[in-house]
Amino acid sequence: METFLKIPLLSVVTFLPLVGALLLLFAPREREDWIKGFALGVTLLDFVLSLALFIYFDDGVAGMQFVERVPWIKQWGVSYYMGIDGISLLLILLTTYLMVLSILSSWSAIEKGIKEYMIAFLLLETGMIGTFCALDLVLFYIFWEFTLIPMYLIIGVWGGPRRVYAAVKFFLYTMAGSVLMLVAILAVYFLHAKATGHYSFDLFALYNTPMSLKAQLLLFAAFAVAFAIKVPMFPFHTWLPDAHVEAPTAGSVILAGVLLKMGTYGFIRFAIPLFPYAAHKAIPWVSVLALIGIIYGALVSMMQDDLKKLVAFSSVSHLGFVMLGMFAFTVQGVQGSIYQMLNHGVSTGALFLLVGMVYERRHTRLIADFGGLARVMPVFAVFFMIVALSSIALPGTNGFVGEFLILLGTFRSNPVYAVLGATGVIWGAAYMLWMFQRVMFGPVTKPENEGLSDLSPREVLTLVPIVIMIFWMGIFPKFFFKKMDLSVERYLRDVKGRYEMVLKAEEAKAFVARSQGARER
Amino acid sequence: MELFKVDVLGRDFLAVAQELGLLSFALGVLLLGVILKGDRRRYTGYVALFGYVLAFLPLLGAIGRGYEAFSGMVVLDPFSLFFKVLILVVGFLVVLLSLDYTAREGIAFGEYYALVLLASAGMMLMAGAAHLVTLFLGLEIMSIAIYALAGIMREDARSVEAAFKYFLLGAFASGFLLYGMALTYASTGALHLREIEGVLAQKAWLTSFPLVLVGLGLLLVGFGFKLALVPFHMWTPDVYEGAPTSITAFMATGVKAAAFAGLLRVFFTALPALEGHWRELLWVLAVATMTLGNLVALRQEDVKRMLAYSSIAHAGYIMVGFVAATELGRAAVLFYLFAYAFMNIGAFAVVALLGRRGAPNTLLEDYAGVGFKHPLLAVAMAVFLFSLAGVPPTAGFMAKFYVFSAAVKAGYYWLAVLGVLNSAVAAYYYLRVMVYMYFREPKEGLQTGYPSFAGAVAILIALWGVFQLGIMPSDFLALAQRSVQVF
């Protein structure tokens, strides 16, 4: 298990796309099919390798697996420290899986610079997987920041009319958040070094950094803002609709499917366990913002006349659920939260793919321009229906499992939040079904829509894996949960344990102060 | 006291062997420029290049040694060697970049390369100065050569204006510096850096000779001019814009490195006793420098001018490490200067290669569509810009990481926060160049680009540096840390 045939599997999965991108640099520009095929091959191979991770992952072990650790920048105590537990494993699989679909979906949508496009995507894949594996704070930060570059280019070069604005906004928002995190990382590092005399960016060593409560709150805030921008939580979400609407289809799929998860993952792996006391103090704040996100995102979705904007705002709503569950600090809540990350990646990714397919045909995304598509494109309509229902969280689909667990977990910690969150499910159904009705049903009002062709075999091939995942994850959730059960339990035990330790220490301190005060009197 | 007892072939000469080498090559190149006629004068550049390569040789004997030579006028130690290597690398890259650039601009004569070599020798002398007079000597050798270089495009009014401006303000700055040295001498009675330190170490001195504080202030003003710290930066944009691009690269990296070497020497060897007096002052200077540099850079429409303001901002980041005033901070300054040299020379090299004779093409608009017209140049430029913006995995990120970590460790949290926020602001104008390069259609009928093999080699070396320091910085970090142990 430690090393599969002595191969550092995690590094291979992470850096294979980078190698692919470097090889693509030398590809002749004219051989477009060759370039596309090569990129698809690389992502497929990476997916297969990540399946090997899944298979060889030992469910019976709660700690990090496939660990690789090499000193890197010795002077600073930075090491190349990679490892995964059940939480990151599933997110890596989501990444490699969505990458294959994204490359497939770009087959005919990209007209210029296909070579650079594929290189950007492969670089992005390395950055994303690395972010989910890194267990050293500097390594993590490097992967985290690195993903900005390819995504910036993808939006800016291959995006829609307002792509420059969207790309720059995306870059600056994320960067502004993460540089503050950098200062916080450094602060934790030096606090730890001061207490132990040992300079290290090792995440697990830093988990046990003794610090004052004020420092915890401040540092947690710096981490939380960086991650909240990425998630994005209300009120940091304004970059998201712009980026989504302007990005090319595959860019939106990856943005929604994976990049946003880097924010939520950041909370689980870094912000919360590093500062458990502050995280517990922040429960009401985060929960209320998450609830605002759920309801506000849903209401704004309902009012959109552009399909892609609708899906973008629905992301704000769905990610609100993820955050709500995570900050319930119950097993169900956290598991539901992680499951919802995967669900959102699958179903929102699929929604973007579907919108992209119809956009390629009609070059419009306005809901008003459609109507009656179910009659012209029946296969498309069926796929759209399944994905929409998954997004609504119909029982039997993946969405149901996630949202149900989140609400269950939240109910156990705070019923009011759960009740308010549950209204979001209703709103979700409302905007999704209303949109579906306006686009698919009724008579074909626009003559341009009469002659639309139904899905091509390649497009069906892109969507079938998603439908399979939707039902698989909806009907056999156990298959996925068993990979993360132990990891989540360990995470909660650890976070709560250290939170209670801080509380006890505070109580003891207060007691000592009181008794001293009494003695002096 | 044995004044000027010189050990002709041994220790004393080893300490200045590299300077002497460069000086003799400067003279040789000057002569060669007279002998060669017409177009063939550009071969002087290759001779200069060879001079830089040869100047690396004395390193073999000098590494690991530490002593003062010429009766305490110069010092050979890891710190001076670090800067000498940096200055040689900078000079080598600048000459490489100049080979075709000067031919294109019609300034490829012996004097050009002779002046570059002279300036490098001056910079090295500054790095190895153990005495205020040597320091001033080095500074002037460097400055006067650079004044002439800035105006070497005689037919170009902007170049001449740049030289004139730089000369006038530079002369004032030298005056300030000299006056500062004089006041320091007046109050301590010493010019040798260690002796000054010894005098100031007696606590009572400060109360009886407060004049040394005025001296400190004047020294700071003098160095501030050379480093283009706000508020002494006014000359920078015009001079950087007007000077030949290769010389701008030289000024932004070499001159800055040498001035920082001098500043580190004077402040940490001679004036550590006054630390309490200059720390807060430099804190303000650092913040003002990065903030103003970045904010004004946001609005620039000319890439060269934008890079000029960006270099002001970078001096501000470097000052952050300086303010920390710990061993970590000083090492961070050294590392930053190396990283900055690679990325900045790289960026200026691309700017130079995109121009043509009589059409510098340095406006942002001229960069429209460059990403597709010159894909390789544009990729290189993108790497340099991301590095300047401090995005991993580049040298710029590691350098910023280092200076800000020094600030955090020294307890300057706000300085670090202001620094990182500044680098987020700065990302905007670096991205803007990329927006033009990749996201805009090329301008009709605009000819850009000038093929240059030597320029391409310079860019490749700079790229190597950016990635080497960004991905595998360990060796350089160790070097920087060892070099600052002299303080």
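Only the coordinates and a few stated rules stand behind these numbers; no lab work does. Note that the coordinates shown come from a computational prediction; the quantities given were computed from them, not determined experimentally. Glycine also receives a Cβ, built like all others from the backbone with ideal geometry; neighbour counts cover every protein chain displayed.
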*Nearest 10 degrees, 0 to 90: what angle lies between the long axis of helix B:44-55 and the longest principal axis of chain B (Cα atoms)?*
40 degrees
*Point-to-point label distance, A:Arg375-B:Leu59, nm (Cα→Cβ direction, 7 Å offset)*: 7.9 nm
*Distance from the range A:440-463 to the range A:8-34 (C-alpha centre basis), Å*: 34 Å
*Could you give the distance between the Cα centres of the range A:468-521 and the range A:310-352, to the whole Å?*
21 Å
*For the range B:11-486, with the dipole built from +1 on Lys and Arg beta-carbon atoms and -1 on Asp and Glu ones, taken about the Cα centre, which of B:Pro78, B:Leu193, B:Ile146 lies farthest toward the positive end?*
B:Pro78
*Listed here are the pairs B:Lys373/B:Lys443; A:Lys261/A:Lys482; A:Lys169/A:Lys309; which of them are more than 18 Å apart at the Cα?*
A:Lys261/A:Lys482
*chain B, helix-only ellipticity at 222 nm - DSSP H runs n ≥ 4, -39,500 (n - 2.57), divided by all residues, nearest 500*: -24000 deg cm²/dmol
_Rounded Å value of the spacing that divides the Cα centres of the range B:4-76 and the range A:46-100_ = 53 Å
*Pair A:Lys281, A:Asp485: separation of 7 Å Cα→Cβ label points (nm)*: 3.7 nm
*Rounded to whole Å and sorted largest first, what semi-axes of the equivalent ellipsoid does the C-alpha gyration tensor of chain B yield via the square root of 5 times each eigenvalue?*
34, 27, 20
*Note down the net charge around B:Ala130, summing +1 for each Lys or Arg and -1 for each Asp or Glu among other residues with Cβ under 13 Å from its Cβ.*
-3
*Stretched out fully, how many nm does the piece from A:Arg412 to A:Asp305 gain, at 0.36 nm a residue minus the Cα gap?*
34.7 nm
*If the chain between B:Leu169 and B:Glu365 were fully stretched, how many nm would it gain, using 0.36 nm times the residue separation less the Cα-Cα distance?*
67.4 nm
*First measure r as the distance between the Cβ atoms of B:Glu327 and B:Arg356, then evaluate 1/(1 + (r/R0)^6) with R0 = 56 Å and state the FRET efficiency to the nearest 0.05.*
0.70
_Sequence-separation-based contact order of chain B, relative, with Cα cut under 8 Å and 6+ spacing, percent_ = 15 percent
*Give me the net charge of A:Trp158's neighbourhood, meaning all other residues with Cβ under 10 Å from the Cβ of A:Trp158; Lys, Arg count +1, Asp, Glu -1.*
-1
*Please state the charge dipole magnitude for the protein assembly as shown, taken about the Cα centre, from unit charges on C-beta atoms (+1 on K and R, -1 on D and E), reported in debye and rounded to the nearest 20.*
900 debye
*Hey, could you grab the Kirkwood Rh for the range A:43-110? Inverse mean 1/r over distinct alpha carbon pairs, Å, one decimal.*
13.9 Å
*So how tilted is helix A:457-475 from the main axis of chain A? Cα-based, degrees 0 to 90, rounded to 10.*
40 degrees
*Between beta-carbons, use under 14 Å as the cut-off and find the net charge around A:Ser108, counting Lys and Arg +1, Asp and Glu -1.*
-1
*Counting only the backbone N, which residues of the range A:150-189 are under 14 Å from the spot 7 Å out from the Cα of A:Thr238 toward its beta-carbon?*
A:166, A:169-170, A:172-174
*Would you work out which of A:Val100, A:Ile84, A:Leu10 lies farthest towards the positive end of the dipole of the protein assembly as shown? Charges go on Cβ: Lys and Arg +1, Asp and Glu -1.*
A:Ile84
*Just subtract the alpha-carbon distance of B:Met234 and B:Gln485 from 0.36 nm times their residue separation and send over the number in nm, one decimal.*
86.9 nm
*What number, rounded to the nearest 500 deg cm²/dmol, is the helix-based mean residue ellipticity at 222 nm of chain A, given -39500 (n - 2.57) per DSSP H run of at least four residues and division by all its residues?*
-24500 deg cm²/dmol
*Residue farthest toward the positive end of the dipole of the protein assembly as shown, with Cβ of Lys/Arg at +1 and Asp/Glu at -1: which of A:Tyr296, A:Gly257, A:Leu407?*
A:Leu407
*Neighbour-count order for A:Trp76, B:Trp205, fewest beta carbons within 10 angstrom listed first*: B:Trp205, A:Trp76
_Between A:Arg493 and A:Thr423, what's the calculated FRET efficiency when r is the beta-carbon distance and R0 is 45 Å? Round to 0.05._
0.90
*With an 8 Å cut-off on Cα pairs and a minimum separation of 6 or more residues, tell me the relative contact order of the range A:163-313 in percent.*
27 percent
*What's the percent breakdown of Cα-Cα distances in chain A across 20 Å bins, shortest bin first?*
23, 57, 18, 2, 0
*Estimate the FRET efficiency between B:Glu280 and A:Leu218 by the formula 1/(1 + (r/R0)^6), using the beta-carbon distance for r and 22 Å for R0, to the nearest 0.05.*
0.45
*Return B:Val212, B:Val303, B:Val199 ranked ascending by Cβ neighbour count within 10 Å, so the fewest neighbours appear first.*
B:Val199, B:Val212, B:Val303
*Run down the lysines and flag those whose C-alpha is under 16 Å from the C-alpha of A:Lys504, throwing out any fewer than 8 positions away in its chain.*
A:Lys281, A:Lys496
*Calculate how steeply helix A:478-520 sits against the longest principal axis of the alpha-carbon atoms of chain A, using the helix alpha-carbon long axis, and give the answer as 0 to 90 degrees to the nearest 10.*
30 degrees
*Just round it to a whole percent: the fraction of Cα-Cα distances in the protein assembly as shown exceeding 60 Å.*
15 percent
*Quickly work out the A:Ala195-to-A:Ala510 label distance, labels modelled 7 Å from Cα along the C-beta direction, and quote it in nm with one decimal.*
2.1 nm
*With charges set only on the Cβ (+1 for Lys and Arg, -1 for Asp and Glu), what does the dipole of chain A come to about its Cα centre, in debye to the nearest 20?*
1060 debye
*Hey, what did the range A:282-475 get for relative contact order, percent, Cα under 8 Å, at least 6 apart?*
29 percent
